[in-house]
Amino acid sequence: MKELSLNILDVAKNSVVAGASLVEITLRTGADGMLTLSIKDDGCGMSEQTVRNVTDPFYTTRTTRKVGMGIPLLKLAAEQTGGSLEIVSSQREQDHGTTVKAVFDTKSIDFMPVGDIVSTMCILIAGSPEIDFFFSDVTPDREVTLNTAELREVLGADISLAEPEVQIWIAEYLKEQYN
């Protein structure tokens, strides 16, 4: 993948498939140039065996194809910059879900651009308007956030987050925070 935002889209879609009702996507860049990406969900979680094997591109739980490249490519992207990937998952009834955390050195020549994170968030929200997404992108210079639960409270139950007007507003809201 050429942009980190595409990795985010892929991993977050896994959260949707896992039955998550809340997906938290956080980007934090420190003054030292280290970027930590965290994607946390309250989905069904993964078994210990799946967590051990999920970074292998030839391991997948999907029946539609024989390879799963999303997590392995994210791991490769992080490690190429001198960073790392960590996955924590639980299938316990009262504490289920998965957290994928990748660390990147943004000063590395191998650091891929973040890309169009605004479009990524809009695609995720439009594709799964019933799920709550919390997005945060924090650097020493700015903080960008979006909480669809708050947006849903304002709009009410009758207006879907997938409505074109809502999607336009979300995109403009995020872009405004980045400017």
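Of everything in region 135-164, what is over 12 Å from Ile25 (Cβ atoms), in contact with a helix residue (DSSP H, G or I) (Cβ under 8 Å, 6 or more places away or on another chain) and of a type in the set (A, V, I, L, M, F, W, C)? Give them in sequence order.
Leu151, Leu155, Ile159, Leu161, Ala162, listed by residue number.
How many residues does region 6-37 hold that are open to solvent by 30 Å² or more (accessible area, probe 1.4 Å), under 16 Å from Asp137 (Cα atoms) and within 13 Å of the chain's Cα centre (by Cα)?
5
Mind checking which pairs have a first residue in region 115-128 that is under 16 Å from Leu22 (Cα atoms) and a second that is of a type in the set (S, T, N, Q) and open to solvent by less than 40 Å² (accessible area, probe 1.4 Å), Cβ under 7 Å, 6 or more apart or different chains?
Cys122/Gln167; Ile125/Thr148; Ala126/Gln167
What number of residues in region 100-138 are part of a strand (DSSP E or B) and either closer than 14 Å to Tyr173 by Cα or within 13 Å of the chain's Cα centre (by Cα) (or both)?
The qualifying residues number 9.
Please go through region 139-156 and pick out each residue that is open to solvent by 90 Å² or more (accessible area, probe 1.4 Å) and either part of a strand (DSSP E or B) or touching a Leu at 6+ places or on another chain (Cβ under 8 Å) (or both).
Glu143
The values are calculated or read from the model by the stated rules, or taken from the named source; none is laboratory data. Owing to the predicted nature of the structure, the values given are computational and were not obtained by experimental measurement. No Cβ is skipped: glycine too gets one built from the backbone with ideal geometry, and neighbour counts run over all protein chains shown. The accessibility values were calculated without ligands, DNA or RNA, using every heavy atom of the protein model including side chains. Shrake-Rupley method; radii C 1.70, N 1.55, O 1.52, S 1.80 Å.
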